[in-house]
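Read through the structure below, which is laid out as structure tokens, and then see the notes.
The values are calculated or read from the model by the stated rules, or taken from the named source; none is laboratory data. Bear in mind that the values here come from a model prediction, so they are computed numbers and not experimental data. Positions of Cβ are generated from backbone atoms using ideal geometry, with glycine treated the same way; all protein chains shown enter the neighbour counts. Please note that ligands, DNA and RNA were not included when accessible areas were found on the heavy atoms of the full protein model with its side chains. Shrake-Rupley method; radii C 1.70, N 1.55, O 1.52, S 1.80 Å.
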Amino acid sequence: MSDASINASSTAHEAVREDEAGFGDYFALLKPRVMSLVVFTAFVGLMAAPVGVHPVIGFCAVLFIAIGGGASGALNMWWDADIDQVMKRTKSRPIPAGKVEAGEALSLGLALSGLSVIMLALATNVFAGAFLGFTIFFYVVVYTMWLKRATPQNIVIGGAAGAFPPVIGWIAATGSMSVEPWLMFALTFMWTPPHFWALALFMRSDYDDAGVPMLTVTHGRRATRVHILVYTILLAILAVGTSFSGIGGPVYLAVAVVMNALFLLGAWKIFRRDEDDSEEDDFKAERSFFKLSLLYLFLHFGAILAEASLKPYGLGGW
């Protein structure tokens, strides 16, 4: 064989190898940024529960909840591969980028779903495992397969799936329900619409191109701005009111007052802007509000965790 043939063969082999999926590509299917939110809120739900949990059991609970969240992400990417290919924000994901086959994502998602549900049930209790299974079903079937492409209220109803982890964490610790985990659920549920609608305001062309009936597409940006303000007002009432519940306290109240004042101010700025203002500064206020929304949820759940950590020393709560 000539040197030219050997070089050509080597080059072709390297090209094929470069196109092969690596660990990072499969890990990206699990939506690690979303998974980090799942892990954190589930951990807070576990720690805020009024019972002690063995560290190993707690670690296993959070791990399997995280795997379940990752499984949901893989199944979501499998189903949404067609629209992910169209949207600028998602076209570099493993499936549209050609790194991972859709069938591989489906197999991975199903395998991890079964593993996470069974192992969580064995590590903690059957109720927690079953609730994790319901959460995966809700996100994949109810939201991804049905509501996402059917109604502009997609993100409102679908937000419930992302709000379940603290409830699962609480159930893993206690084996039962109570008001407190549902307050954490409501906090995430009410936060989700203004968070995503702010993103949709400066990413509307993506949803237009993909044919996803986001509120900005079906009702326009003006209506979206109104919805953001209304939901932010309701969220602020809920968030501050949670201060006086079993998971609240002075630390949480201080965080809630400051963050919700900033969040309301941001929503008001968005409400007052017209499209000329937004286009002129490339949606500066909307982008700022979106970034603030990420900090908003982290600090609220961090404050709940702080209250739970202080209670054994007689310092947390009222």
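When region 112-128 is examined, which residues are found to be in contact (Cβ under 8 Å) with a residue 24 or more places away in the chain and within 14 Å of ILE67 (Cβ to Cβ)?
Within region 112-128, the subset in contact (Cβ under 8 Å) with a residue 24 or more places away in the chain is 112-113, 115-117, 119-120, 123-125, 127-128.
Once the filter is applied, which keeps residues that are in contact (Cβ under 8 Å) with a residue 24 or more places away in the chain and within 14 Å of ILE67 (Cβ to Cβ), region 112-128 yields LEU112, SER113, LEU115, SER116, VAL117, MET119, LEU120, ALA123, THR124, ALA128.
Only one of (1) modelled with pLDDT under 90; (2) under 19 Å from ALA42 (Cβ atoms) is not met by PHE185, so which one is it?
PHE185 satisfies every listed condition except (1).
Identify, by number, the condition in (1) modelled with pLDDT of 95 or more; (2) assigned to a helix (DSSP H, G or I) that ASP277 doesn't meet.
(1)
Can you confirm whether GLY70 is more than 24 Å from GLY211 (Cα to Cα), modelled with pLDDT of 95 or more and within 12 Å of the chain's Cα centre (by Cα)?
Working: more than 24 Å from GLY211 (Cα to Cα): yes; modelled with pLDDT of 95 or more: yes; within 12 Å of the chain's Cα centre (by Cα): yes.
Taking the combined requirement at face value, the residue satisfies it.
I'd like the full set of residues that are among the polar types (S, T, N, Q) and in contact with an Asp or Glu (Cβ under 9 Å, 6 or more places away or on another chain), limited to region 216-241.
Hit for region 216-241 is THR216, nothing else.
With a cut-off of at least 3 residues that are open to solvent by 20 Å² or more (accessible area, probe 1.4 Å), name the helices (runs of 4 or more DSSP H) lying wholly within region 17-134. Don't jump to the end; show me each part of the working.
Details: elements: 23-28, 32-48, 55-79, 81-84, 102-123.
It comes to 23-28, 32-48, 55-79, 102-123.
Consider region 170-191. How many of its residues are touching a helix residue (DSSP H, G or I) at 6+ places or on another chain (Cβ under 8 Å), polar (S, T, N, Q) and open to solvent by 10 Å² or more (accessible area, probe 1.4 Å)?
Taking region 170-191 first, the residues touching a helix residue (DSSP H, G or I) at 6+ places or on another chain (Cβ under 8 Å) are 170-173, 175-178, 180-191.
So of that shortlist, the ones also polar (S, T, N, Q) come out as 176, 178, 188.
Applying the additional criterion that residues be open to solvent by 10 Å² or more (accessible area, probe 1.4 Å) yields 176, 178.
Qualifying residue count, region 170-191: 2.
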